[in-house]
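A.B. asks: One structure, pasted below without further comment.
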Amino acid sequence: MGNHGNNGNNGAPGTEGSKGDKGDKGDLGPRGERGNHGPKGEKGHPGIPTELQVAFMASMATHFSNQNSGIIFSSVETNIGNFFDVMTGRFGAPVNGVYFFTFNMMKHEDVEEVYVYLMHNGNTVFSLYSYESKGKMDTSSNSAVLKLAKGDEVWLRMGNGALHGDHQRFSTFAGFLLFETK
């Protein structure tokens, strides 16, 4: 046998093989460095100042029949800002603004009709009227949006008749500030 010959020249590249299976997921890399501090955000909207947090709701747990007088409510469920006077039944506006008021009433069964008036500084804003024969109850409601000056008063005045009041509180008076005006 003779000597082993020299290696031959490299052959031409072969065709590309088929793609292999996906490999296993690698280990989690090390945590990166903390990024740069972001830019300062825009100024947020201001909160509602305490003097503009105005809302009340009063209800009647007992009958009321004092004709031609301000209606006094036996219970005050909400009085944010304490601008509703529990003793007089009057609301005093703490700021110039536009306010919303609503009143719901139930006629007492011992009377045929009831008149109630929403008053603003002594002037009638609206009237409520309810009629039903004696022995029967009837409900009525009304609402108002009023522009008030600081110190203005709003209340309900009983005309004639009587209002029903019990633990279910069918007769209610509520109001709140919609927005301040200059």
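The values are calculated or read from the model by the stated rules, or taken from the named source; none is laboratory data. None of these values were measured; they are calculated from a predicted model. Heads up, the Cβs are rebuilt from the backbone with ideal geometry, glycines too, and the neighbour counts pull from every protein chain shown. Protein only, heavy atoms only, side chains kept; ligands, DNA and RNA dropped before computing areas. Shrake-Rupley method; radii C 1.70, N 1.55, O 1.52, S 1.80 Å.
A.B. asks: What do you reckon, is residue 92 out of contact with any strand residue (DSSP E or B) (no Cβ under 6 Å at 6 or more places or on another chain), of a type in the set (Gly, Ala, Ser) and at pLDDT 95 or above? It would help to see each step written out before you state the result.
C.D. replies: Numbers: out of contact with any strand residue (DSSP E or B) (no Cβ under 6 Å at 6 or more places or on another chain): no; of a type in the set (Gly, Ala, Ser): yes; at pLDDT 95 or above: yes.
No.
A.B. asks: Also: Residue 87 - would you say it is of a type in the set (A, V, I, L, M, F, W, C), within 30 Å of residue 160 (Cα to Cα), part of a loop (DSSP other than H, G, I, E, B) and out of contact with any Leu (no Cβ under 9 Å at 6 or more places or on another chain)?
C.D. replies: Values: of a type in the set (A, V, I, L, M, F, W, C): yes; within 30 Å of residue 160 (Cα to Cα): yes; part of a loop (DSSP other than H, G, I, E, B): yes; out of contact with any Leu (no Cβ under 9 Å at 6 or more places or on another chain): yes.
When the stated conditions are applied, residue 87 passes them.
A.B. asks: Those residues that are in a loop (DSSP other than H, G, I, E, B) and without any contact (Cβ under 8 Å) to a residue 12 or more places away in the chain, I need them from region 94-151; list them, please. Even if it seems obvious, please write down each step before you answer.
C.D. replies: At the first step, the residues of region 94-151 found to be in a loop (DSSP other than H, G, I, E, B) are 94-96, 108-112, 121-122, 132-138, 149-151.
The one that is in a loop (DSSP other than H, G, I, E, B) and without any contact (Cβ under 8 Å) to a residue 12 or more places away in the chain: 122.
A.B. asks: State all residues of region 76-98 that are of a type in the set (A, V, I, L, M) and open to solvent by 30 Å² or more (accessible area, probe 1.4 Å); if no residue qualifies, say none.
C.D. replies: Narrowing region 76-98 to residues of a type in the set (A, V, I, L, M): 76, 80, 86-87, 93, 95, 98.
Answer for region 76-98, where residues must be of a type in the set (A, V, I, L, M) and open to solvent by 30 Å² or more (accessible area, probe 1.4 Å): 76, 80, 86, 87.
A.B. asks: Out of region 41-75, which residues are open to solvent by 30 Å² or more (accessible area, probe 1.4 Å) and at pLDDT 95 or above?
C.D. replies: Within region 41-75, just 57 meets the criteria.
A.B. asks: Give the residue that is nearest to the chain's Cα centre (by Cα), with candidates limited to residues of region 119-171 that are buried (at least 18 other Cβ atoms within 10 Å of the Cβ) and at positive phi.
C.D. replies: Filtering region 119-171 for residues that are buried (at least 18 other Cβ atoms within 10 Å of the Cβ) and at positive phi, the one nearest to the chain's Cα centre (by Cα) comes out as 169.
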